[in-house]
Each structure stands twice: as C-alpha cells, then as structure tokens.
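Shown next, in structure tokens, is the structure this report addresses.
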Amino acid sequence: MTSDFNIDIDQYMPLREVVFTTLRQAILKGELKPGERLMEISLANRLGVSRTPIREAIRKLELEGLVVMVPRKGAHVAKITIQELNDVLEVRRGLEELAIMKACERITEEELKELETSARRFERLLRSGDLIELAAEDVTFHDVIYNATHNRRLIQILNNLREQMYRFRLEYLKEEASRKDLCEEHMLICRALRSRDVEAAHRFICQHIDNQQKAIESILKE
C-alpha cells in the first residue's frame, strides 16, 4: 500500500517535473519508505496523472540512486545503507570544514544573530518531537553557515548535497538523545563563530558530523 503524500502542482513546471519532484521529496522525507514497492498504477491514481510521468520519474530516481529495480518485482525505494551514509558524510565533512572556516572569517553580525535565532528555534522544537520541523530547522541552521561563507559555488555544492542528506537527517532525529546532542552542538558552533575561534569551530563541526555518522550507523545495524 502506497504511503500518504500530496502532489504540489506548480503551473510553471512541466507535469513530469512536478511528478518527479513530488516522488523525490516523498522518498527523502520518508513518506515513501526504504524498501517500499512503487506501483505505477497506484501512484498514478494517487497523484491524478497517467502512468507515463510516473514511469519517467521512476527512471530518473533510479539514476539518482533513490530507487532500485528488483528483477521480477519492479521498482522499490532504495534502502539506506552504511556505504551510502559513509560516502555522503565523507563529502559533507570535507565541505563543512571548509565552510565553517570561511564563515569564521566572513560571517556578519546579522548572520550571527540569524544563526543564534535558528539554534534557539531548534531548542524550542525539541518539545514538539515533530521530526519534519526539526529537520527543516537543522537545514536552516546549516544554510546560515553556508551563506556566511559568501562563496556562491561552495553554497551551490552544499545545497545539492543537502537533498541527499535529508534521509539520514530524519533517521538521526528519531532518537531523543540525538536531538538533544544536536541542540548542544548548535550552541557550541554559534559561540565559536561569534568569537571567530576557527580552531574551536572546526572541532565542533567535525564532532557534529562524526556524532551523526556513528548514531546513524548504529541505527542501520539494528
């Protein structure tokens, strides 16, 4: 049975792109679960479209590694593997190390206040337990750091990687202890950036990512 999710019709975007974007987001947000079978007829009925854009979207999702074709069983949402996690986080760690060092040099007072506001919002959201909201605020926190580098190409690369990180971010946030750790790490990063302590900021961002990697690996091994 297909999970519940909504199609967001954008009148300026071709239908095939709307369908692809909708299914992609449903996978990244966990609305379509790892291992879940993608039935073309069911998805077409759910989204109110023909099977053609569904088929095209599934092909594109397979190229992105979000969907796998299983012989005699059809298309399934790709499972999250430790190898995939390590590949993505290895790249993210290197980019975030560069970003935090450049942000230390270039962050403005306005951006510092925006970062601190995001950290406080994340802390308030802990009580709600809303994983989607928490993940969105965690994305916002890191986006402020990326933008504070004032390096458009670096920001673009990190934004592209952000989509691939979303599935891992949600897995990590499922654990209450992980959410509290994340909150404390945000505060430490804020303080290091405000004091422009490059060494501390670099240490905290590495710990931040390494802790996520260890926690998600533990979840995947269960």
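Answer yes or no: is there a residue in region 37-53 that is in contact (Cβ under 8 Å) with a residue 60 or more places away in the chain, assigned to a loop (DSSP other than H, G, I, E, B) and within 25 Å of the chain's Cα centre (by Cα).
Checking region 37-53: not a single residue is in contact (Cβ under 8 Å) with a residue 60 or more places away in the chain, assigned to a loop (DSSP other than H, G, I, E, B) and within 25 Å of the chain's Cα centre (by Cα).
Report yes if residue 44 is of a type outside the set (D, E, K, R) and either over 27 Å from residue 218 (Cα atoms) or open to solvent by 90 Å² or more (accessible area, probe 1.4 Å) (or both), otherwise no.
Yes: the conditions hold for residue 44.
Does residue 144 qualify as being farther than 15 Å from residue 173 by Cβ, touching a strand residue (DSSP E or B) at 6+ places or on another chain (Cβ under 9 Å), surrounded by 14 or more Cβ atoms within 10 Å (Cβ to Cβ) and without any contact (Cβ under 8 Å) to a residue 60 or more places away in the chain?
no
Filter region 22-32 for residues that are of a type outside the set (S, T, N, Q) and closer than 14 Å to residue 65 by Cα; which is modelled with the highest pLDDT?
23
Within region 98-150, track down each residue that is part of a helix (DSSP H, G or I), hydrophobic (A, V, I, L, M, F, W, C) and more than 20 Å from the chain's Cα centre (by Cα).
101, 103, 104, 112
Scanning for something touching a residue at least 24 places away in the same chain (Cβ under 8 Å), open to solvent by 20 Å² or more (accessible area, probe 1.4 Å) and of a type in the set (A, V, I, L, M, F, W, C), does region 102-124 turn up at least one residue?
The answer is no, given that none of the residues of region 102-124 is touching a residue at least 24 places away in the same chain (Cβ under 8 Å), open to solvent by 20 Å² or more (accessible area, probe 1.4 Å) and of a type in the set (A, V, I, L, M, F, W, C).
Looking only at region 167-178, which residues are open to solvent by 30 Å² or more (accessible area, probe 1.4 Å) and either in contact with a helix residue (DSSP H, G or I) (Cβ under 9 Å, 6 or more places away or on another chain) or closer than 29 Å to residue 64 by Cα (or both)?
Correct list: 171, 174, 175, 177.
Here are some conditions: (1) among the hydrophobic types (A, V, I, L, M, F, W, C); (2) buried (at least 20 other Cβ atoms within 10 Å of the Cβ); (3) in a helix (DSSP H, G or I). Residue 88 meets all but one. Which one does it not meet?
Condition (2) is where residue 88 drops out.
Pick out the one residue from 30, 65 that is assigned to a loop (DSSP other than H, G, I, E, B), open to solvent by less than 50 Å² (accessible area, probe 1.4 Å), of a type outside the set (Val, Ile, Thr) and touching a residue at least 40 places away in the same chain (Cβ under 8 Å).
Only one candidate qualifies: 30.
Is at least one residue of region 164-175 touching a Ser or Thr at 6+ places or on another chain (Cβ under 8 Å) and under 18 Å from residue 93 (Cβ atoms)?
Yes; the residues of region 164-175 include at least one that is touching a Ser or Thr at 6+ places or on another chain (Cβ under 8 Å) and under 18 Å from residue 93 (Cβ atoms).
The values are calculated or read from the model by the stated rules, or taken from the named source; none is laboratory data. Please read these numbers as outputs of a predicted model, since none were measured by experiment. In this analysis, Cβ positions are derived from the backbone assuming ideal geometry, glycine residues included, and neighbour counts consider all displayed protein chains. Surface areas here come from the heavy atoms of the whole protein model, side chains and all, with no ligands, DNA or RNA. Shrake-Rupley method; radii C 1.70, N 1.55, O 1.52, S 1.80 Å.
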